[in-house]
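One structure is given here, and the rest of the page talks about it.
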Amino acid sequence: MATDPARRPPTIDPTAAARWTRLAPADGSPWLHEEIGRRMEDRLQWIKAQPRTWADWSPLRGGLEAHELVARRYREAACFVIETEPALAAATSQALASPWWSARRWQGGKARFDAPPEDGVDLLWANMSLHMAADPEALIAQWHRLVATDGFLMFSCLGPDTVRELRALHARLGWPAAGHEYTDMHDWGDMLVHAGFAEPVMDMERIVLTWATPEAALAELRTLGRNLHPARFPALRGKAWHRSLKEALPELAPAEEGGGRIALTFEVIYGHAFKPAPRVALSAESAVSLREMRSMLQRGRPGAEPQGRSQGEDRSAQRAGYR
């Protein structure tokens, strides 16, 4: 499938994105990723389908606690872990290993690291990875291949309003962009349909994180990602710039709230979409894969034409502060 350049993030460095993907989290899954994973797992209660198999895409960074929540919800389902980076495979396996005395051994299916079924899994869970992909359409196409016919994708990512306060601060001080641009949820819906998913449903909320000190804010931001903008500062920043940044960060404390806590907004996008049976275009000569042919024969007819819809919702969530 050809990638449409118009739908790709306009400001992302693929080399920097690949470097970030290979970097193992220093202290486990980030707090924000786990919180978003908990909120996304709660949305599963509205989906009637009961997966017999499911796969977690890169759970080491996506959220180990969220992985356990999904495993407990679908106790009888076979669980596969997909970690595409060899450098992270061992750490992921160790993190998800359950000691003999742990209650996790019977609270959910044991994670498997072998290849998922050839026909795909009923649920592909992908928490907080899409916004850091250099070629998101290629990643969504890969997800589509991993999902079984009538299965569904569940994902989350960051949206365009993320750290808008920090972006404005950089612009005001004449510094290069604070980070690459993030994709709007409606564009994600279009990409899902383009990849072959059906009936994508998107929603959004804003989470505000606060910190008491610049040091605490910067430490947590480092766990969430890197600046992948091609026009980011090309060398190492010096102590003077770092001092200027720490002096400027307290300006991001909302005056109306008091307390002087640094506050940053994170726009969180949630989405899910189903994979319909493949539809073969009528022509003098058509080619389908063995997997698609098997799916169509099992159904007795080609699937319906994929149609997409997007729904947006703007909610705010305030966290009391985290250090």
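Nothing in this text is a laboratory measurement; each read-out follows from the coordinates by a stated rule. Worth saying up front: this structure is predicted, and the values here are computed from it rather than measured.
Please report Rg over Rh for the stretch 109-267, where both radii come from the alpha carbon positions and Rh follows the Kirkwood definition.
1.06
Mind jotting down the distance between the C-alpha centroids of the stretch 157-194 and the stretch 109-147, whole Å? A separation of 24 Å, based on Cα centres.
Rounded to whole numbers, the Karplus 3J(HN,Hα) couplings from phi for the stretch 57-73 are 8, 6, x, 4, 8, x, x, 6, 5, 5, 4, 5, 4, 5, 4, 6, 5 Hz, using 6.51 cos²θ - 1.76 cosθ + 1.60 with θ = phi - 60°, and x at Gly and Pro. Straight distance only, please: which lysines reach the Cα of Lys275 with their own Cα at less than 17 Å, same-chain residues fewer than 8 apart left out? Candidates past the 8-residue exclusion: Lys48.
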